[in-house]
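Q: Sending over a structure as structure tokens; questions will come in a sec.
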Amino acid sequence: MKRTRIVLAITAALWVAHVAQVVVWGANPPGPKISDFIQFALGIPLLIAIFSVSARSEGLARSFWRLVAAAYVPWMTAQGLAFYNDFYPSNAVAWLTNLLFCFWFAPLAMALFLDPERETGEVDSLLVLDFVQGVLVCITAYVYFFYLPKSNAGDGLSHEVWAPYFVGYAAVAGSFVLRGIISHSRDVRSLFLRFGIFLAISGLVDALFYYGPPLPAGKWFDLLWSALIVAPTILALTWKQAESPIVSVEPPHPTRRIYSELFFLLYPVLVLAMSLRIARERLGLAALIVMLSFLCSSARLLITQHRMMEVKEALRREAAHDPLTGLWNRKAIFEILDRELLRAQRSDEPLGLIMIDLDHFKVINDTRGHAAGDAVLRIIASAIAAVVRPYDSVGRYGGEEFLIVAPGCGMAEACELAERVRSHIAGTSINVAGSSVRVSLSLGVSTGKDPVEIDKILSAADRALYEAKNAGRNRVAPVLKAAGAGQAGTSVVQSDFWL
């Protein structure tokens, strides 16, 4: 509140000073120079108000106010150049000043394409590139509609030259008002209606200046332009966000997305179309504009392609990995098992399969909660993956069960690997919710090298796991030598604690 009062006080003081300047000096020296300086000074509290409201806003509102700031920074630059030109006249400075004054609203017009359900308030690189492309369109349009006609016609521009500019300005103002009317969001309605009305009034003032009788700088008309600086300052200081931003997690409709992307393709098309006319008289300038537009379009394409590849990779990983543990999921580990069995068949080498079960996991869930159970699963999965060889594959078979596919392992090597996993987990103390949990594993081991018998290999590992659990858990059990054989392979018994 204190900052608001200070900004309002400074703005009011500058406005009163401008009124005094018009009364005392009017168009007589040094009136015009003082008028330009006061208008430049009015931009300082305006930018302070805009940056302040942007910092305390969220979602679409923050993006909107950032675009407002992006509009008034070049406007303030133009006002500073105008003041500089009062003392050191230059045609180049005058042209640049006129360009910035003509298209100061271009960044603000991009607010029409903000989506309340998609905006997070963060600066997006694609938005920056689209903004640069929009600036190129403005520069091209300025050269096409103003610079070339004026250089051919001498001093002054006809009303026909200004007509397209005011038509575009009116279209932007009308679009703001229309979006404010049809929007269901109170924040969107407030922002777009207020600025739509402001843009309409601003356009009328500019039209009065260009189409009305000639007025010297420093006259009362300058007070209208000062009022156009005071108005957005008051809008920024009095605006408050009424709703919390709601960002939709649903992807945008494909048709809507296509239309949005097609719009941004219009930028390079417009630049190219106008550059063809500019090239007749300023070939180098036209080539520079087209090259910059091409670079922006190429950068946008590369960023979009990179994001698509990232999304594709994320989807691929999500489809093949368990979301809780990050290990291969059931479908993926089965595919790996089938592929490794084919390789084992070609190389005539055995393949080891280890089926793992977390002992008494239900007790953890029942006594400590499912969140603690999930934490234990993640820690166990990470520990198992850390023990196996780099070319072994670990997957979540289901629930608290895991599979290890170990290429090139006969029964002895697979049992050795399984024992290494078991002893590592048995010696690990897991802290969950501030208390220590000791866990153990039961492991069943089988081998094979024929992909046709994949179901038999899985069943054999499952039977061996069942034997390990029946024998007291926290141990490794190899598969029985043959169906119905009375002896199983050696089981390794760990110390007498387990859950």
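The values are calculated or read from the model by the stated rules, or taken from the named source; none is laboratory data. It should be emphasised that the depicted structure is a prediction, and the values quoted were computed from it without experimental measurement. A quick note on method: Cβ atoms are made from the backbone with ideal geometry, for glycine too, and the neighbour counts reach across all protein chains shown. Quick note on the areas: whole protein, heavy atoms, side chains included, nothing else; ligands and nucleic acids left out. Shrake-Rupley method; radii C 1.70, N 1.55, O 1.52, S 1.80 Å.
Q: Contour minus end-to-end for R346 and T4, with contour as 0.36 nm per residue of separation and end-to-end as the Cα-Cα distance? Please report the intermediate quantities before stating the final value.
A: Numbers: separation 342, 0.36 × 342 = 123.12 nm, distance 7.87 nm.
Full extension from R346 to T4 adds 115.2 nm.
Q: Quickly estimate the mean residue ellipticity at 222 nm for the chain, helices only: each DSSP H run with n ≥ 4 gives -39500 (n - 2.57), and the total goes over all residues, rounded to 500. Provide the component values of the computation, followed by the final result.
A: Details: 17 runs with 325 residues, N = 499.
It lands at -22500 deg cm²/dmol.
Q: What's the magnitude of the charge dipole for the chain around its Cα centre, counting Lys and Arg as +1 and Asp and Glu as -1 at the beta-carbon? Answer in Debye, nearest 20. All intermediate terms of the calculation are to be shown ahead of the outcome.
A: Numbers: 45 positive and 43 negative charges, 189 e Å.
I would put it at about 900 debye.
Q: First compute the accessible area of the chain with a 1.4 Å probe, then give the percent of it belonging to carbon and sulfur atoms. Spell out each step's value before the answer.
A: Values: 16620 of 25880 Å².
Roughly 64 percent, rounded to a whole number.
Q: Only one of the values [x] 29.0; [y] 34.0; [z] 33.2 was calculated from this structure for Kirkwood radius over Cα pairs in Å; name its label.
A: Answer by label: [x].
Q: Enter the angle in degrees (range 0 to 90, nearest 10) between the Cα long axis of helix 31-55 and the first principal axis of the Cα atoms of the chain, meaning the one along which they spread out most.
A: 20 degrees
Q: Something else now. Using packing as a proxy for protection, rank 381-391, 13-23 so that the peptide with the highest average count of other Cβ atoms within 10 Å comes first.
A: Details: 381-391: 14.5, 13-23: 16.4.
So the order, starting with the most tightly packed, is 13-23, 381-391.
Q: Once amide H atoms are built 1.01 Å from N in the peptide plane, which residues 5 or more positions from Y397, or in another chain, come under 5 Å H to H?
A: F402, L403
Q: Of G399, S435, S423, whose Cα points farthest to the positive end of the dipole of region 394-445 (charges on the beta-carbon: +1 Lys, Arg; -1 Asp, Glu; origin at the Cα centre)?
A: The listed residue farthest towards the positive side: S435.
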